[in-house]
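The structure appears below as structure tokens.
The values are calculated or read from the model by the stated rules, or taken from the named source; none is laboratory data. This one's a predicted model, so the numbers in the text were calculated from it and none came from an experiment. Quick reminder, even Gly has a Cβ in these numbers, built from the backbone with ideal geometry, and neighbours come from all protein chains shown.
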Amino acid sequence: MARIELQSIAKSYGSVEVLRDINLTIEDGEFIVLVGPSGCGKSTLLRMIAGLEPISGGEFTIDGRRMNEVPPRDRDMAMVFQSYALYPHMDVARNMGFSLEIRKAAAEDRQSKIQGAAKTLGLTGLKERLPKQLSGGQRQRVAMGRAIVRDPSAFLFDEPLSNLDAALRVEMRLEIARLHQRLEATMIYVTHDQVEALTLADRIVVLNGGDIQQVGTPLDLYERPANKFVAQFIGSPTMNVLRAEAKGDSIALSGGTRIQVEGDVPASGVSELGIRPEHIHVAGSEAAQFSGRAELVEHLGSDTNIHVQVDGIGPFLVREHGHVPVNTGDEVGLFIDPEKVHLFAEDGRSLR
Amino acid sequence: MSALRKSSPLAVTGKYLALAFYLTFALFPLYWLAKIAVTPDKLIFSEGTAMVPSSFTFENFRTVLIATDFLSYFKNSLIVSLGTAAITTCVAAAAGYAFSRFDFRGKRLVIALMLITQMFPLLMIIAPIYKIVAAVGLLNSLTSLIIVYTAFNVPFATFLMQSFFDGIPKDLEEAGMIDGCTRFEALRKIILPLTLPGLGATLGFIFTAAWSELLFALMLINSNDTMTFPVGLLTFVSKFSVDWGQMMAAGVLALVPSCLFFIFIQRYLVQGLTSGAVKG
Amino acid sequence: MMSTTKPAPGKPRARPSFYFRYLVEPYLYISPAFVLIALVMLVPLVIGVSYAFQSVSLLRPFETGWVGTENFQALWTDRKFWLALKNTFWWTLGSIFFQFFLGLGLALLLNTHFYGKRLVQALVFLPWAVPTFLSALTWAWLFNPTIGPLPHWLAALGILSEPYNILGDPDLAMWGPITANVWFGIPFFAITLLAALQSIPGELYEAAEIDGATAWQSFTKITLPFLAPMIAITVMLRTIWIANFADLIFVMTGGGPANSTQILSTYIFTTAFRKLDFGYASAIAVALLVLLLIYAVILLVLRRRLVKI
């Protein structure tokens, strides 16, 4: 059981700062996802928690105990690597039991734990195989089995699903979610895939350029992003962002079009307006706030994505539920849902 | 590469002729060595240029092994080559591991120094080495040869080992460290078993190099008791310059260890080449 | 060293070996190699260079001391040195030329499919495993008309007027060691070039074939450009290596007859080994080192200009 605390953690390589002033408390049993574009420092942060990278500054504690200088083997954490990192010269059973072997656990105890993990993960028939004789999905399971066997105080996952194909990824995602429910252990999960983040996390930590952008539940991040980066990073397809300006209680877009907004509009400082594709709707001429030409229409069955070019404002992505009878080249009227409008300041900060 | 292209019969014949040429060129000298070694003394001159002798004998081998210091040379060379190969491989594995896994202050400097040692004429240091070895009283000792050969071979062996370590993902020992190993335990239990082919190849390379080194051995050794094979054989040549059969027999015997090692390395060499091809 | 790592001020808890190990561990791994190389190669190298400016001769033990550039002045007027320099040039050029082209040919052959390839490959690489002194002796014997067939064959082909030992003929002697060197060196080029050949993606040849390229065009437009960087680096390293390579000549001819096969490296060795004149030997070595450095610099500059990859 572990409550993990990071206090103004920093990491630098020589003069290059990779992470600065990271503050985060992870409650016991929580599923935390670190997400961000590549190079944001999320993997480095995870590796610092694991003890694979030295911490340059700040304090890292588990249950109040300072861990900065503790070597990885004494941190009681298990890690699942992106490459799985299975030991190629050991069979599945020995791979899973290696940590117990190192700790000199009794043989029966080891066997029963390996057996238990193999059963949970459906690996019972594969125990004598070598990693190279396994499929990608099976290797992934062995890597997870290796972590489960140890019964660690926290699980660390470093992009564990990115080497799998799409269907397998969904399946393993569910498996990890089930595992978390069953074990109720603290889990820290790094990914660049926001779908994994949104579906798995109790709380998501969005990182960019070495800083924490926002920490919150998936819904928090979707509905109340702290800034333009989070707004555009979370949610698929990406939020539309347009230049805008506050004019009294409405917002003026660059083409002069005015948009009514539900609630208060800050008097000054508004620089951009953000609206998610699912919050713009195709409208008849009387409801439409402005109109444009459909440049590309993607019929996905469940949804229809319409890329609209609006003169003076720019390109828009509109997402409608179900099938919408719009064809490429059509003139489309658009209506922005006034409750769902986001406003950003010059520096990207969210204003509402 | 040109599996799809239809080869003309002329090209195919040319190819096999070329292969035959290379094979003959490579093997003929060795064949000749073996042929004279098994030719009875009295036939050596009368059948000097015959491709196959009319009768065989192993008398030359027997004489060389029993009546000469050959066995002593052989033993000395074996001690020096095995000692050099073992020590070099250990030292180079450690250094190669450091190059492959760590970033440390001075790394580039050490690499540059190692590259320099590969560029300058080794003969340049033959005089200083002689004086140093003489000063510490190690002339005519196998120890001095082992130390000198080890130093000569460490840079190349280090780069070789580094490339083998580079081929093993860093994740593996990190996984080991998280599973409860110290770094050294992870190196021993996870990385070294995976580098065995690399260690074998390095051992083989260094053994062969040490087995055939001549000039430094000639400089540092002049007592018959501690002569290595090349030195011994060379003095053998000048002592008994008429006994061709015995010299050739000694030559064949000198060839045995390095050929054994070559066959041993060859597997990894071909493996290394083809695994690259499979990936590509 | 361990005892001097005090806990940093303001940090109440003792700092265990974690950071210490991160900092010190690589040096533990590297130090045996470094100490060996420094003591056995770098220190003697510096001493060797300093010998070039001293009189160090074991045969004249009382005439030691700094002599400035005296050794180099002697070198400048030494006819043997200039002859050895010329011989070094021909020895290196002849060896590298045949080694490279025959090695390339072998690599191309081994990159095709044929029956028994693995065995053939093992056999043609065998000369590489033969100890140098033994290659030298074997070839010396092959060139000896009493014991070897080569002079008889050469005479039968009309190249020699009668079967005599070319190693004793000042005009032809150099071809002996060069032949042995070519025999010994082909596998090295074949192995490195074969590895490079096999790393060329097969799709490139298929694409070229679809585009209608002939075999020759595929070779010049795909194979050669891909091999070029590898060729440049191996030829450079090998040239330096061959120029320094004294064993073959020393065993086969000892530099004779009449110094016709004396190259700089054998000259260094005989000066040190037979005359025990370490000062003069070191001066020759320094001269050789400087020449090789100039060569390497020229080649690296050319490579940067010519090879785009």
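Key figures
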{"item": "Residue satisfying condition, being more than 9 Å from every other protein chain (Cβ to nearest Cβ) and in contact (Cβ under 8 Å) with a residue 60 or more places away in the chain, within set C:Ile294, C:Ile263, C:Ile222", "result": "C:Ile263"}
{"item": "Condition broken by C:Thr112, with the remaining ones in (1) within 8 Å of chain B (Cβ to nearest Cβ); (2) surrounded by 18 or more Cβ atoms within 10 Å (Cβ to Cβ); (3) among the hydroxyl-bearing types (Ser, Thr, Tyr) satisfied", "result": "(2)"}
{"item": "Residue under evaluation C:Lys275, criteria (1) part of a helix (DSSP H, G or I); (2) modelled with pLDDT under 90, criterion not met", "result": "(1)"}
{"item": "Residues that are over 21 Å from A:Thr217 (Cα atoms), assigned to a loop (DSSP other than H, G, I, E, B) and not β-branched (Val, Ile, Thr), drawn from the stretch A:12-65", "result": "A:Gly14, A:Ser15, A:Ser38, A:Gly39, A:Gly51, A:Leu52, A:Glu53, A:Pro54, A:Ser56, A:Asp63, A:Gly64"}
{"item": "Number of the exception - A:Leu253 against (1) modelled with pLDDT of 90 or more; (2) of a type outside the set (Gly, Ala, Ser); (3) not assigned by TED's automatic domain parsing to the domain that holds A:Ala154", "result": "(1)"}
{"item": "Residues within the stretch A:19-52 that are surrounded by fewer than 19 Cβ atoms within 10 Å (Cβ to Cβ) and either touching a helix residue (DSSP H, G or I) at 6+ places or on another chain (Cβ under 7 Å) or without any contact (Cβ under 8 Å) to a residue 12 or more places away in the chain (or both), tallied", "result": "1"}
{"item": "Qualifying residue in the stretch B:102-123 (condition: under 26 Å from B:Leu233 (Cα atoms), assigned to a helix (DSSP H, G or I) and within 10 Å of chain C (Cβ to nearest Cβ))", "result": "yes"}
{"item": "2 or more residues of a type in the set (A, V, I, L, M, F, W, C) and over 22 Å from A:Arg352 (Cα atoms): qualifying helices (runs of 4 or more DSSP H) within the stretch A:180-240", "result": "A:194-200"}
{"item": "Residue pairs meeting the criteria (Cβ under 8 Å; at least 6 apart or on separate chains; first closer than 13 Å to B:Leu123 by Cα and facing chain B (nearest Cβ under 7 Å), in the stretch C:42-53; second of a type outside the set (Lys, Arg) and not in a helix (DSSP H, G or I))", "result": "C:Leu45/B:Phe120"}
{"item": "Test: residue in the stretch B:208-218 that is of a type in the set (D, E, K, R), under 18 Å from the mean Cα position of the chain (by Cα) and within 10 Å of chain C (Cβ to nearest Cβ)", "result": "yes"}
{"item": "Of all residues in the stretch C:154-167 being buried (at least 17 other Cβ atoms within 10 Å of the Cβ) and in a helix (DSSP H, G or I), the one that is nearest to the other protein chains (Cβ to nearest Cβ)", "result": "C:Leu154"}
{"item": "Extreme residue, nearest to B:Tyr97 (Cα to Cα), among residues of the stretch B:154-180 that are more than 10 Å from every other protein chain (Cβ to nearest Cβ) and of a type in the set (S, T, N, Q)", "result": "B:Gln162"}
{"item": "Test: residue in the stretch A:111-118 that is within 14 Å of chain B (Cβ to nearest Cβ), surrounded by 20 or more Cβ atoms within 10 Å (Cβ to Cβ), touching a residue at least 40 places away in the same chain (Cβ under 8 Å) and among the charged types (D, E, K, R)", "result": "no"}
{"item": "Failed item in (1) in contact with a Phe, Trp or Tyr (Cβ under 7 Å, 6 or more places away or on another chain); (2) in a helix (DSSP H, G or I); (3) among the polar types (S, T, N, Q), with A:Asn68 passing the rest", "result": "(2)"}
{"item": "One residue from B:Thr84, B:Thr24, B:Thr13 being free of Cβ contacts under 8 Å to residues at least 60 places away in the same chain and away from chain C (no Cβ under 11 Å)", "result": "B:Thr13"}
{"item": "Filter result for the condition that a residue is under 17 Å from C:Pro257 (Cβ atoms), touching a helix residue (DSSP H, G or I) at 6+ places or on another chain (Cβ under 6 Å), buried (at least 23 other Cβ atoms within 10 Å of the Cβ) and at pLDDT 85 or above, over C:Gly185, C:Gly176", "result": "C:Gly176"}
{"item": "Among (1) more than 30 Å from A:Leu52 (Cβ to Cβ); (2) part of a helix (DSSP H, G or I), the one test that B:Cys90 misses", "result": "(1)"}
{"item": "Residue that is modelled with the highest pLDDT, among those in the stretch B:132-151 that are in a helix (DSSP H, G or I) and out of contact with any helix residue (DSSP H, G or I) (no Cβ under 7 Å at 6 or more places or on another chain)", "result": "B:Thr143"}
{"item": "Qualifying residue in the stretch C:208-215 (condition: buried (at least 20 other Cβ atoms within 10 Å of the Cβ) and either in the same structural domain as C:Leu300 (by TED's automatic domain parsing) or on the phi > 0 side of the Ramachandran plot (or both))", "result": "no"}
{"item": "Residue in the stretch B:140-151 that is nearest to the other protein chains (Cβ to nearest Cβ), counting only those that are under 17 Å from B:Leu215 (Cβ atoms) and out of contact with any Phe, Trp or Tyr (no Cβ under 8 Å at 6 or more places or on another chain)", "result": "B:Ala151"}
{"item": "Members of the stretch B:34-69 that are part of a helix (DSSP H, G or I) and in contact with a Phe, Trp or Tyr (Cβ under 8 Å, 6 or more places away or on another chain)", "result": "B:Ile36, B:Ala37, B:Val38, B:Ile44, B:Val64"}
{"item": "Selection within the stretch A:134-190 - farther than 20 Å from A:Asn95 by Cα, away from every other protein chain (no Cβ under 14 Å) and small (Gly, Ala, Ser)", "result": "A:Ala166, A:Ala167, A:Ala177, A:Ala185"}
{"item": "Filtered residues of the stretch A:54-67 (kept if touching a helix residue (DSSP H, G or I) at 6+ places or on another chain (Cβ under 8 Å) and either within 9 Å of chain B (Cβ to nearest Cβ) or surrounded by 20 or more Cβ atoms within 10 Å (Cβ to Cβ) (or both))", "result": "A:Ile55, A:Phe60"}
{"item": "Test: residue in the stretch A:331-344 that is loosely packed, with under 13 Cβ neighbours inside 10 Å and out of contact with any Lys or Arg (no Cβ under 9 Å at 6 or more places or on another chain)", "result": "yes"}
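To keep it simple, each residue is scored yes or no on (1) closer than 27 Å to C:Ile242 by Cβ; (2) touching a residue at least 40 places away in the same chain (Cβ under 8 Å); (3) not aromatic (Phe, Trp, Tyr).
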{"position": "C:Thr192", "(1), (2), (3)": "yes, yes, yes"}
{"position": "C:Ala195", "(1), (2), (3)": "yes, no, yes"}
{"position": "C:Ala207", "(1), (2), (3)": "no, no, yes"}
{"position": "C:Asp211", "(1), (2), (3)": "no, no, yes"}
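For every residue, the table says whether it meets (1) at pLDDT 90 or above; (2) β-branched (Val, Ile, Thr); (3) closer than 23 Å to A:Phe229 by Cα.
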| site | (1), (2), (3) |
| --- | --- |
| A:Leu296 | yes, no, no |
| A:Asn305 | yes, no, yes |
| A:Asp311 | no, no, no |
| A:Pro315 | no, no, yes |
| A:Pro325 | no, no, no |
